Amino acid sequence: MKPVCLVLGAGAGIGGTVGKKFANSGYHSVLCRRSDKEGLDKLVQNIEDAGGSASGFLLNVVEPDSIENLVAKIEADIGPIEVVIFNLGAQIGDRSLKETSYKMFELGWRMATFALFRLASSVCPLMEERGKGTILVTSATAAMRGNRGQHSHAAAMGGRRMLCQSLNAEFGPKGIHVAHILIDGSVDAPDTLGKMLGEEKFKQLRETKGQENDGLVLPEKIAETYFHIAQQHRSTWTNELDIRSFSDMPWWNH
């Protein structure tokens with residue numbers, strides 16, 4: 001039975017690429033996303049065509065018991081969850097305080113922070129019983145710096161970062177590795193950045209900043225970093241990391 005790498009937020013960018021990396025390295029990757037079953041099936045098929053092992057589930061993390069039921073199903077039907085990639089975004093757009101309703105603010109928290117808490121509540125007891133496990137949490141610049149129009153996103157991502165620290169404090173000594181990974185830059189991902197910018201602007205950005213310019217963060221290289229962190233010896237665990245292109249100014253210098 002192969003160990004399982006569970007990916008929440010498995011699009012064609014970071015999530016799907018990280019899932020493929022783990023599947024190519026001996027894991028069974030369980031890819032989960034909220035919608036687009038056709039795209040999800042394509043990701044699974046690509047992994048299997050390359051000789052890996054994977055399965056996919058549509059998952060709305062805001063729904064009650066959705067995460068908890070998924071974890072129970074995987075553990076019963078597929079295998080022990082050894083690695084979790086928590087790659088859910090919570091960006092609701094550039095909204096002033098007046099434009100940010102209570103409902104929209106809460107939605108960011110439910111996706112970014114509460115969903116991680118629910119996931120940890122489900123998998124940490126299992127990992128603790130086995131004496132090992134890894135939870136890698138994708139985060140954003142907003143976890144470190146709140147900007148105008150980002151009331152929901154910054155609050156949710158800041159909460160995500162603090163939750164990772166609290167999880168580490170409790171479960172690190174029990175053999176569970178939690179890493180908060182800040183993506184401080186634009187990722188070359190068609191179904192996230194591409195959808196935000198639109199096809200034409202995304203194409204222009206790739207031509208001017210991406211490709212051979214290495215100005216966009218490449219999902220394939222992110223996947224290599226995630227896999228490295230998951231394999232670290234506990235004497236040298238990375239608990240927080242930020243990633244950006246060489247040409248980008250770090251968040252702390254803005």
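What follows draws every value from the coordinates through simple rules; no lab data is involved. As the structure is a prediction and not an experimental result, all values here were calculated from the model. Using ideal geometry, Cβ is built from the backbone for each residue, glycine included, and neighbour counts are taken over all protein chains shown.
The tail of the calculated P(r) for the range 156-254 beyond 20 Å holds 50 percent of all Cα-Cα pairs.
Where in the chain are the helices, taken as whole DSSP H runs, whose Cα atoms extend 15 angstrom or more along the long axis and whose Kyte-Doolittle mean reaches at least -0.5? In the chain, the long hydrophobic H runs are 66-77, 115-130, 151-171, 219-230. Loop-located trypsin sites (Lys or Arg not before Pro) across the range 97-150 with a Cβ neighbour count of 16 or fewer within 10 Å are K98, K132, R145, R148, with loop assigned by DSSP. Expressed per residue, the C-alpha convex hull volume of the range 4-56 stands at 53 Å³.
On the principal axes of its alpha carbon atoms, the chain extends 45, 39, 37 Å, with the longest extent given first.
Restricting the calculation to Cα atoms, the range 1-105 yields a radius of gyration followed by a Dmax of 15.2, 52 Å. Legend: distances between Cα atoms for K37/K73; K21/K132; K37/K132; K2/K42; pairs beyond 24 Å are K37/K132. The stretch between Q204 and Q45, if pulled fully straight at 0.36 nm per residue, gains 54.3 nm over its current Cα-Cα span. Average projection, convex hull of the Cα set of the range 67-140: 5.6 square nanometres.
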